[in-house]
Structures are given as structure tokens and as C-alpha cells.
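Participant: Quick one: the structure is below, questions incoming.
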Amino acid sequence: MRAVREDLWTVARAPLPRTGWLGWLPHVHVVLLAVLLLMLNMNDLSGSAPVPLVGVVAALQAAAPVLALFRPAPAYWLSTFALFLAAHLRWNGGSDAHWPWTAGAIALHTLVLLFLSLRVRPFASVTALGTAMLLALYHTILMPPPAYNGVLTPWVVICFSGAVAVGSSRRTRRVAQERLVEQQVLTATERARRTLLEERNRIARELHDVVAHHMSVISIQAQVAPRLIEDPPDALKENLAGIRENAVEALTELRRVLGVLRAEDAEADGVRHAPQPTLARLDELVDNVRGAGLTVTAETTGRRRALPPGVEVSAFRIVQEALSNAMRHADGATVRVELRYRLETLALRVTNTPPPAPRAQSPGTHTPHAGHGLLGMRERAAMLGGELAAGGTPDGGWEVTAILPTAPTIPTTAPAEDPV
């Protein structure tokens, strides 16, 4: 009953949306049909009452379907009230009518029931149909016209029931499609979020070796430093001991946290002790890609030098992911890898020409334009305080460009979930 009250006892707007390429044309047709049935109603009701009263009742009946295009619930009650008035006019007028309602009034109320069923829940539509049936029963039993013909009653029931059935089925289908779209959006959002978290975990595992190495060096240096000085003061010994203790504690906590991440990833067991890749292995990576069938050229400009381990790992992974995308989505294309060593940054650029023939995407594979690998590349660049851009080229190919700072920097923006 709450659904009936919320759907039928309301004046809220619920406009009927435009219908695809037809636009507002169906709405115009409804208005024209209402005008035609208005004239038919006035002709059928003529002689039952004075012309002004007949005009008012016929106008109310014709206005109901037009109002139902925007406010279906008030239109339903208006049409029901107009049917009640029209039946009283015909009964009191003493006409030779065969049914309490005119053919035009039945057609108009059928339209109102159809538009109502398109916007309200099925139980409310059935309730509206039942109300119309009770009103018809009241007029045919207690107020039958002089020449009442019961053969018309089944046709009225068929018209009203058919309108409610069609409207409710269309609404149910539309609601199901909207929910399916919402679920698909939620699924895509959750998949992207899960992929981003997985990529962050992967980055954390890769950087663990880098951070652990530096913390171990700090600990060893703090332990050895007092032995390099003759008769070091006690204050220096205490400070160095504190530095070593803090380094060991930090290393222990880091290994504990990364141990949890690795425990949740079965693949991490196989790479737990594998060395992290650096740009020194770039030629090996390019040779592997050439062996897979791609034509790859690599160019390095600037003075090649050793970079911070985090930059080395991230740069290698970005190039690796860009080449993987080229193999998946541009089979047979020509790929160019460019590395530019600058004073304070490392610039990466990976471009590929369009594939010789379009390649169908298999379900579940990502495209270069919205791939999971692109999320990981952006996350790596942002982690280092750098920038990454990816997009199509004018000739139909694909390009990935990244600028990575080679000096220690702190990103200007932090993730929303990290207050630091």
C-alpha cells in the first residue's frame, strides 16, 4: 500500500522521456489524438446536457492524456473524475446510449492508463486498473444507460487491461536495463579500483628491495663509524647506536608490512628473491619484444648515468608495459622507444604505428585507451612526482610519454586515503 500511496497519491512530475530518433513526435501525436477525441466526445455527449457543461467534461477527458505525459498520477484521477461526470450526464440526459462511457472517453482513459503504467510500479498500475473496473461496474449495475449493451463490457476490460500490461512490461524492461547499466558501471569502477590497489601493492613490493638496501647500508655504516675514529666521544657512540637501532626497527617493520602484501599474492612467492629490473636490462627487453614479432627501435640520448633505484625500476616497468600493450593491440606495428637523460629528469617515449589490420579484442582484455596497465604506469609516475601522458597519434597509432624526476622529490599531491 505504501507503493500505491507514493505512486498514485502524488502530484510529482514524471515526464515521459523522448523516444530515440523520434524525439517529441509521439508527444505531438498524443496531443493531436486528444483534440480529435475531444470533438468526438462533444458529439456523443451532445443532447445529454447544456453545451457549456458538455464542453467542460469533454475538455477534462481530453486534457487527461496530455497531462499524463508529465504528471501521470494527477492525470489518472482527472480522467477518472471526468468519466464519473460523463456517466452521470448520459444517465440524467436520458439519451439512447448503449454504455455509460463514450468510445472517445474509453480511448482517452486507455491512454492515461498506458502512460501511468509506464511510470509507476506494477502494483500501483494494477490498483489503478482495479479502480477503473470498479467504477465501470458501478456505472453498469447501478446507473446503466437506457439501452445498455453488456457486450461492450469485455471490450472495455480488454482495452484497460492491455494498456496496463503493455505499460508495466515496458517499464519493467526499462528498469532492468537501467539497473544493468548501473551494475556495469559499478563493476567497472570496482575493477579499476581493485586493479589500482593491486598495482600499488606490486609497486610496494618492488620498492621494498630498494628501501631495504638503503636501510641496511645505514645500519651498517652506523655500526662501523665508531671504529673509524680513534677514541670517539660517548655522545657520538650513543647517536650512532640510536641511528642503527632506528634503522633496524624501520627495516623490521617494512619487512613485516611487505610480508603481509606478499602473503596475499601467490605470484609474489616466485619473484620474492628475483632482482629488480633496471634500465641496464632495456636492451634485453627490446630483444625479447623483437622475438615476439614486433619491429622495435631504441634510442638513448644524453649522458647515460646511474639513477636512483626507484626511478630505474619505474622507468623499466613503464617501458615494459608500453611494449606489452603494443604487442597485444598493435600486432605487426613498428615501435620506437626513446630515452632522454636530462639534468634533473628522465624522459621516456614509446610510440607505435597503427597495426596493419584491425585486431578483434577478446572479452576481458583491456584497450590501450583504458587499460589496467595504463593505471599502473600513471601510478608509478605519480609516486616519483613525475608526469605521464598516453593517447592516440594522428596516424592512428599510440604514444606513451613520461617525465620522471631523477632527484629525490615528493609528489605535490597525496592519495586521498593517505593523510600524510
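Participant: Along the charge dipole of the chain, which of 292, 117, 37 sits closest to the positive end, that is, farthest toward it, with unit charges on the beta carbon of Lys, Arg, Asp and Glu (+1, +1, -1, -1)?
Facilitator: Positive-end residue among those listed: 37.
Participant: Which FRET efficiency value, to the nearest 0.05, is calculated for residue 234 and residue 306 with the Förster distance at 35 angstrom and r the Cβ-Cβ distance?
Facilitator: Calculated value: 0.40.
Participant: Quick check for you: with a 1.4 Å probe and neighbouring chains kept, what is the accessible area per residue of the range 19-154, in Å²?
Facilitator: 46 Å²
Participant: A follow-up question, please. Of 25, 314, 339, which is farthest along the charge dipole of the chain in the positive direction, counting Lys and Arg as +1 and Asp and Glu as -1 at C-beta?
Facilitator: 25
Participant: Moving on. In square angstrom, rounded to the nearest 10, how much accessible surface does residue 123 have for a 1.4 Å probe?
Facilitator: Estimated to the nearest 10 Å², residue 123 gives 120 Å².
Participant: In the full protein assembly as shown, how much of residue 181 is accessible to a 1.4 Å probe, in Å² to the nearest 10?
Facilitator: Ignoring ligands and nucleic acids, residue 181 comes out at about 80 Å².
Participant: Just by accessible area at a 1.4 angstrom probe, what is the order of 66, 156, 211 from largest to smallest?
Facilitator: Largest accessible area first, the list is 211, 66, 156.
Participant: If you don't mind, another one. Towards the positive end of the charge dipole of the chain, with charges on Cβ (+1 Lys, Arg; -1 Asp, Glu), say which of 158, 82, 140 has the farthest Cα.
Facilitator: 140
Participant: Using a 1.4 Å probe, how large is the accessible area of residue 283, given in Å² and rounded to the nearest 10?
Facilitator: Around 90 Å² of this residue is reachable by solvent.
Participant: I'd like to verify something in the chain: which complete DSSP H helices, judged by Cα projection on the helix axis, reach 18 Å or more and average at least 0.0 on the Kyte-Doolittle scale?
Facilitator: 25-45, 51-68, 72-93, 103-119, 122-141, 234-263, 309-329
Participant: Sticking with this structure for a sec: Rank these residues by their accessible area, most exposed first, probe 1.4 Å: 338, 284, 387.
Facilitator: 387, 284, 338
Participant: Given (i) 62, 62, 40; (ii) 74, 51, 39; (iii) 127, 59, 35 as candidate values of Cα extents along the principal axes in Å, which corresponds to the one derived from the coordinates?
Facilitator: (iii)
Participant: Compute, for the chain, the length of the dipole vector about the Cα centre, with Cβ point charges of +1 (Lys, Arg) and -1 (Asp, Glu) only. Units Debye, rounded to 20.
Facilitator: It works out to roughly 1380 debye.
Participant: Right, next: Considering only DSSP beta bridges where both residues belong to the chain, give the percentage that are antiparallel (nearest 5).
Facilitator: In the chain, DSSP labels about 70 percent of beta bridges as antiparallel.
Participant: Sticking with this structure for a sec: Leaving ligands and nucleic acids out of the surface, order 323, 236 by accessible area at 1.4 Å, largest first.
Facilitator: Ranking 323, 236 by accessible area, largest first, yields 236, 323.
Participant: Same structure again: On the protein heavy atoms, probe 1.4 angstrom, tell me the percent of accessible surface of the chain carried by carbon and sulfur.
Facilitator: 62 percent
Participant: Distance from the Cα centre of the range 108-164 to that of the range 389-408, in angstrom?
Facilitator: With the range 108-164 and the range 389-408 each reduced to a Cα centre, they are spaced 66 Å.
The values are calculated or read from the model by the stated rules, or taken from the named source; none is laboratory data. Bear in mind that the values here come from a model prediction, so they are computed numbers and not experimental data. Quick reminder, even Gly has a Cβ in these numbers, built from the backbone with ideal geometry, and neighbours come from all protein chains shown. For accessibility, only protein heavy atoms count, side chains too; no ligands or nucleic acids. Shrake-Rupley method; radii C 1.70, N 1.55, O 1.52, S 1.80 Å.
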